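The values are calculated or read from the model by the stated rules, or taken from the named source; none is laboratory data. A quick note: this is a predicted structure, and the numbers were derived from the prediction, not measured. Here the Cβ positions follow ideal geometry from the backbone for every residue, glycine too, while neighbour counts run over all protein chains shown.
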Amino acid sequence: MLQNVLLEREIYASEEHKMMQQMIQDFINNEVLPQTEKWEKNGMVSREIWERAGELGLLCLDMPVEYGGSGLDFTFNALLIEEFSKKGISGPGFSLHSDIVAPYLLKYGTEAQKQKYLPQMASGKMITAIGMTEPNCGSDLQALRTTAVDKGDHYLVNGQKTFITNGYMSDMAIVAVKTNPGTEKQGISLLIMESALDGFEKGVPFKKIGMKAQDTCELFFDNVKVPKENSLGNEGEGFKIMMTELARERLSVAISGIAIAEGAIEETIAYTSTRTAFKQPIAGFQNTQFKLAECATQLQIHQTFVDRCSLLLAEHKLTAESASMAKFSATDMCGKVVDECLQLFGGYGYMWEYPIAKMYADNRVARIYAGSNEIMKLLIARGMFKELFQQMKAMRKAKKQ
């Protein structure tokens, strides 16, 4: 099988990793997969599965124990992402919750905010989301229009967010807003907004071409009063915070892409070994062998790089440029691998009950969210030509003066 041609991965070599892997696999096989069809029809998973994940300690794995987490490092989060992605499971939005929202709170939250939210998140009793994208702006976060007007002891928030993962089920969201709109000091800030606040409304979950069990919707804010103590980090520093933390989000997408590609190859090996054409297994044809050999090689090359990035993140050394490289290259590779694998299934590859069809539909968005792959290339180039861009910026500033 596929594991026979892949190098042994040191990233998951410890006994603790192996025990965690077995627990995750049991959870998936016994409690997640049996409910997937129901979740796809409902357009969202159940709250019970979140609480069950919390009971097993599978949420906020790298959060400190004092805040309800497991006190592990990021490689355990990566392992969870992989095991779910290999099986083509996209419904439970655990990664956004644990790998994006929780780190924001841990790094930039006050002690009161950490104590209030992180234990509830780790238990699965509070489901979270993050609100950045708006109908008029996607990757260009500086163009957002949701406003938060300072009213003394609170902000008055008005605006709209879209494509929000976990949005419909969310109990709390970290929302990017423009504070002090219309003044020279206007800037992007982050607010912790609980969905129970008056004026906080959720749209109907979107009908998507993939990720059908993952609830994604719009969020609307109509004169929502948000207490000042719900500010995350300093006012006006939201854009800087988001740019710093996006590296982890992008690496998480890359990890998922690698695992989906591995799952697709494994499914295809199994199918082509038993499906026959012209009186022999499809795997007996040289074209099938060459295509899967190419796919396995690309998987191995990308997996090695992404594993290195995961270790760097665990050591707090991952750069934005490396995360961007991992995200765009892994998701591009995954798209090509899944497409090649689906072709080998023939007509059955187009049927929804086959995992390869779901992988094909679910993975397409990976090249768009967390920053489109075109934006990733821009960020990489900026890192390569950093001094040149600084000189050009200084020249433009001098001309204006």
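Out of LEU299, LEU379, report the one residue that is in a helix (DSSP H, G or I), under 13 Å from ALA254 (Cα atoms) and touching an Asp or Glu at 6+ places or on another chain (Cβ under 8 Å).
Sole residue among the options that is in a helix (DSSP H, G or I), under 13 Å from ALA254 (Cα atoms) and touching an Asp or Glu at 6+ places or on another chain (Cβ under 8 Å): LEU299.
Does segment 152-167 contain at least one residue that is without any contact (Cβ under 8 Å) to a residue 24 or more places away in the chain and farther than 24 Å from GLU237 by Cβ?
no
I'd like the full set of residues that are part of a helix (DSSP H, G or I) and over 20 Å from ALA264 (Cβ atoms), limited to segment 1-11.
Those that are part of a helix (DSSP H, G or I) and over 20 Å from ALA264 (Cβ atoms): GLU10, ILE11.
Going through segment 319-364 one residue at a time, which ones are of a type in the set (Gly, Ala, Ser) and surrounded by fewer than 24 Cβ atoms within 10 Å (Cβ to Cβ)?
ALA320, SER322, SER329, GLY335, GLY346, GLY347, GLY349, ALA357, ALA361
Can you give me the ranges of the strands (runs of 3 or more DSSP E) entirely in segment 105-195 with at least 3 residues that are more than 19 Å from the chain's Cα centre (by Cα)?
Correct list: 147-150, 154-165, 172-179, 187-194.
If you go through segment 29-52, how many residues are touching a residue at least 40 places away in the same chain (Cβ under 8 Å), closer than 25 Å to PHE206 by Cα and assigned to a helix (DSSP H, G or I)?
Final tally of qualifying residues: 10.
What number of residues in segment 274-299 are surrounded by 14 or more Cβ atoms within 10 Å (Cβ to Cβ) and more than 18 Å from MET325 (Cα to Cα)?
11
Restricting the search to segment 122-157, which residues are among the polar types (S, T, N, Q), under 14 Å from VAL175 (Cα atoms) and surrounded by 17 or more Cβ atoms within 10 Å (Cβ to Cβ)?
THR128, THR133, THR146, THR147
When you look at ASN230, is it surrounded by fewer than 19 Cβ atoms within 10 Å (Cβ to Cβ) and not aromatic (Phe, Trp, Tyr), yes or no?
no
Quick check on segment 284-300. Is at least one of its residues aromatic (Phe, Trp, Tyr), touching a helix residue (DSSP H, G or I) at 6+ places or on another chain (Cβ under 9 Å) and touching a residue at least 24 places away in the same chain (Cβ under 8 Å)?
No, segment 284-300 contains no residue that is aromatic (Phe, Trp, Tyr), touching a helix residue (DSSP H, G or I) at 6+ places or on another chain (Cβ under 9 Å) and touching a residue at least 24 places away in the same chain (Cβ under 8 Å).
Please find, among ILE100, ILE89, the residue that is outside any helix (DSSP H, G or I) and within 15 Å of the chain's Cα centre (by Cα).
The conditions single out ILE89.
Does PHE305 satisfy the condition of being assigned to a helix (DSSP H, G or I), modelled with pLDDT of 95 or more and either surrounded by fewer than 18 Cβ atoms within 10 Å (Cβ to Cβ) or not assigned by TED's automatic domain parsing to the domain that holds LYS178 (or both)?
Answer is yes for this residue.
Return the only residue of GLY68, GLY88 being at positive phi and crowded, with 23+ Cβ neighbours inside 10 Å.
GLY88
Mind checking which pairs have a first residue in segment 118-131 that is farther than 12 Å from ILE192 by Cβ and a second that is modelled with pLDDT under 95 and polar (S, T, N, Q), Cβ under 6 Å, 6 or more apart or different chains?
none
Search segment 99-110 for residues that are touching a residue at least 40 places away in the same chain (Cβ under 8 Å) and within 15 Å of ALA78 (Cβ to Cβ) and pair each with any residue that is part of a loop (DSSP other than H, G, I, E, B) and not basic (Lys, Arg) when their beta-carbon atoms are under 8 Å apart and the residues are at least 6 apart or on different chains.
Taking only residues 6 or more apart or on different chains, the pairs are ALA102/CYS60; ALA102/MET63; ALA102/GLY69.
So, in segment 196-222, of the ones that are without any contact (Cβ under 8 Å) to a residue 60 or more places away in the chain, part of a strand (DSSP E or B) and more than 19 Å from the chain's Cα centre (by Cα), which residue ends up nearest to ARG364 (Cα to Cα)?
So, considering only residues that are without any contact (Cβ under 8 Å) to a residue 60 or more places away in the chain, part of a strand (DSSP E or B) and more than 19 Å from the chain's Cα centre (by Cα), the one nearest to ARG364 (Cα to Cα) is LYS202.
Hey, among SER70, SER46, which residue is over 29 Å from ALA361 (Cα atoms) and among the hydroxyl-bearing types (Ser, Thr, Tyr)?
After ruling out the rest, the residue left standing is SER70.
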